[in-house]
6 protein chains.
Amino acid sequence: MSQLTHLDETGRAKMVNVGDKPITKRTATAKGKISMAKDTVQRIRTGSMKKGDVLSVAQVAGITGAKKTWDLIPMCHNIPISGCEMSFEIEEDGVTITATASTIGQTGIEMEALTAVSIAALTVYDMCKAVDKGMKIESIRLVKKTGGVSGDYTLEEMDQ
Amino acid sequence: MSQLTHLDETGRAKMVNVGDKPITKRTATAKGKISMAKDTVQRIRTGSMKKGDVLSVAQVAGITGAKKTWDLIPMCHNIPISGCEMSFEIEEDGVTITATASTIGQTGIEMEALTAVSIAALTVYDMCKAVDKGMKIESIRLVKKTGGVSGDYTLEEMDQ
Amino acid sequence: MSQLTHLDETGRAKMVNVGDKPITKRTATAKGKISMAKDTVQRIRTGSMKKGDVLSVAQVAGITGAKKTWDLIPMCHNIPISGCEMSFEIEEDGVTITATASTIGQTGIEMEALTAVSIAALTVYDMCKAVDKGMKIESIRLVKKTGGVSGDYTLEEMDQ
Amino acid sequence: MSQLTHLDETGRAKMVNVGDKPITKRTATAKGKISMAKDTVQRIRTGSMKKGDVLSVAQVAGITGAKKTWDLIPMCHNIPISGCEMSFEIEEDGVTITATASTIGQTGIEMEALTAVSIAALTVYDMCKAVDKGMKIESIRLVKKTGGVSGDYTLEEMDQ
Amino acid sequence: MSQLTHLDETGRAKMVNVGDKPITKRTATAKGKISMAKDTVQRIRTGSMKKGDVLSVAQVAGITGAKKTWDLIPMCHNIPISGCEMSFEIEEDGVTITATASTIGQTGIEMEALTAVSIAALTVYDMCKAVDKGMKIESIRLVKKTGGVSGDYTLEEMDQ
Amino acid sequence: MSQLTHLDETGRAKMVNVGDKPITKRTATAKGKISMAKDTVQRIRTGSMKKGDVLSVAQVAGITGAKKTWDLIPMCHNIPISGCEMSFEIEEDGVTITATASTIGQTGIEMEALTAVSIAALTVYDMCKAVDKGMKIESIRLVKKTGGVSGDYTLEEMDQ
């Protein structure tokens, strides 16, 4: 049975030594949704048609958030990020956020993609909270990962 | 109809001027859950009974994350945080995370509580992802806020 | 003759003690320009009419940069920022950037406004450098300051 | 016609994927000037002859600023910096600042050099603003770049 | 018997709520020493007489480090620092470092002074390690604290 | 006689160019101690047996501190850390802290190990200062380094 590698033999946390792992190209895609009142969606949509600011700010926040992952998640390695892209899909009852991040290295890049989605969702919350405090951030999950020793990963389709 | 105060008249984002708002004691409580395989819950629980590291690390990450809110969410003010507490409830299919943060000032403290929950959840994901990539971060939401001009807020009970 | 207050009697730097200064409302406005080829201006303008991304990203960068001033400028105090707004004026040969920041406290807020303009200009450079390496950041200056013991300041009109 | 690579096909910003670019040794030199009253220059010069603090602090700020470039400029990659050197030339009406930064990697290092100059100039402003609010940061520009796919770049001599 | 206030009733850490404490002027002084080979002291001293860079850089690092205390020490509050001064005494077998920091608020300022000394000492180590890996950072301690509910504190003289 | 490589020919500091050094696997171990009253040791020990929070928090702080070394020590390079482990030994009159960090690169990893120990010690101070202000951080030192051009280093045994 594979182990929680972040815990050492005494049960304490450590930053796992990845120095002997091979260098590979790695890509991860994460998704999440922030659900909200229809009126709030409408405001974002209208803003989007003007200058799109809520989602533009969220996008910048997600990308800069991905770069801070090592500083936010205590046992994460500080890795160079080769690229990061985000997209937003406005739905009837909220906004679905997708982030894809990539690296060339010995570890990563799931947490960077998940962090990008989380910070983008929090930013949407922040920018709309004056009109809607009932928003919820839902279902932040890894949908795909390629590269790395443990092989590729794809979330089962019904959960994507 | 109240406005998206983060957008100026041209539709661009700004950091709202709170300089004329009264100083009040403000408290916010946020909740969220990370759902996972039962086997993963079991590993966290067992670890908890030894040295509790997954949740201890998540707790530290949540509190330090709350202090970085201003740096993560572009239009958030940099406010002094009076206190921050977190608790974790281990359930059959995951862990529920609660954070309460407080400040004395002219704005805040919802985003700090929501950020604490989000970063703690991401940390749990990071520390368990070697055994379970299918975890999902669910239902991050504001459950209560007191203080401030706009009055107290409590999420309707069925959603808490 | 007033002194360089950042230097102590041995000529070393220090972070000046502002603990005895009165608390006042303070506002500062800074300006600067990034000059560039006409073709580059045209690309930004066209982008602006679509989704405005170069300037949207620069605006977010300027505001988040203002919040990092204390971390960038060694002898600056870490002060709470009440608000920060930025505007961009697209001209024939470049973009003029204006930032206004405010605080309620014992010191500041010139450096925050100047930092916002500087970081926004660097961001424009970054986003356009693939097509124009000859851009120049010009004339970053304080145009107005109100509040504080030393009185209000306005740059002479011809220099504004 | 080469494109603004930071914008994706929908006009939104992204962090460009550099994962397929070759690894090369890269060096960039940037320059800028902070102009000021002659009396202010004289104070810096005198300070310099004692302990040189204004410029010493500016130099440290520039180098540490270069290391924060990825955190300041939203679409910049977080790259390892091999080295960074700065020099200051005291002139009659101001101080000229030069920064040279280098990296071995797939992208960079213009923004790091430009950021070093900008933050050093802001630091000089901060340390002298008690005696001279009329200082201006002028002509921050890239003067040379070597390495990378797009070839070397040298600013035309009259602009250096 | 007074308690470890950072631990809640279940033994977990929290960021103590200071929202009900009175606002007072607070000052703390910390000291420490980095001991080294006499030859290394000599190099620092000579450098000091030229441009003093080792200690100038250490001083800037200490002051900027003090401002990052909230980000380094997980349960520390993010407080505004009114001022911070450092001094260095070159001795026969090392350098003694003193930092005094002050705030006006509900908590602090011991950790900021202790952090300033620690980071300054680490910086001296970094800048001299090419010639002396045997340096030791010794006896970092709080020597004085004024302000706050618990009263003033002075380290017994023989330990200062 | 080897030189203080951080100083350039004019005596100013620089970030040394490591671009021509070979890439090697590097490991460093640092140690330090925080001495305290026996009663304070007893409280930590008891806490340890419950949930171990003082040392758990210190451990997380040390590891996250190691990742911030480049941001704390002005002339340090920003390097990727392959791994970091910490251990704590509770003694009669204090706690001994050991950190081992590793990297694969052209420079480092002494400062990261020394920073981890320093930040962990400061965190212990912070969490126990309500009951014991007389704690001292003692003897932070490099005990071992492997990898790199200058060869391996081991502190003489009596000083370990």
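Bear in mind these aren't lab numbers, they're just calculated from the coordinates by the rules spelled out. All figures in this text were calculated on a predicted structure; none of them were measured in a lab. Cβ coordinates were reconstructed from backbone atoms using ideal geometry, including for glycine residues, and neighbour counts include every protein chain displayed.
A few points about this structure:
- Placing a label point 7 Å from the Cα of C:Gln42 along the Cα-to-Cβ direction, the residues of the stretch C:94-134 whose backbone N falls under 18 Å of that point are C:94-95, C:128-134.
- Longest site-free stretch - chain F; sites: GluC sites (Glu not before Pro), DSSP loop, at most 12 other Cβ within 10 Å: F:10-91
- Entries of A:Lys129/C:Lys31; C:Lys25/D:Lys136; F:Lys25/F:Lys68; B:Lys67/C:Lys33 with Cα pairs more than 27 Å apart: A:Lys129/C:Lys31; B:Lys67/C:Lys33
- For the stretch A:1-125: relative contact order, % (alpha-carbon pairs under 8 angstrom, 6 or more apart): 37
- Shortest-first distances to equivalent copies, position A:Ser87, nm, label 7 Å out along Cβ: 3.7, 4.3, 5.0, 5.0, 6.4
- Look at the alpha carbon pairs under 8 Å that are at least 6 residues apart: their mean separation over the length of the stretch E:77-146 gives a relative contact order of 25 percent.
- Of all aspartates and glutamates in the structure, those lying under 12 Å Cα to Cα from D:Lys38, and not within fewer than 8 positions of it along the same chain, are D:Glu91, D:Glu92, D:Asp93, D:Asp132.
- Each Lys and Arg Cβ is given +1 and each Asp and Glu Cβ -1; about its Cα centre, the protein assembly as shown then shows a dipole of about 0 debye.
- Nearest-to-axis residue of chain C, judged by beta-carbon position, where the axis maps C onto D, in Å: C:Ser118, 2
- Exercise: per-residue mean of other protein chain Cβ atoms within 10 Å, E:83-89: 5
- The sum of -39500 (n - 2.57) across all DSSP H runs of n ≥ 4, divided by the residue count of chain A, sets its helix-only mean residue ellipticity at 222 nm to -10000 deg cm²/dmol.
- Calculated from backbone phi, Karplus (6.51, -1.76, 1.60) coupling profile of the stretch B:18-27 in Hz, x at Gly/Pro: 9, x, 9, 7, x, 7, 9, 6, 10, 9
- Label point 7 Å beyond Cα along the C-beta direction, distances from C:Gly151 to other copies (nm, shortest first): 4.8, 4.8, 5.7, 6.8, 7.7
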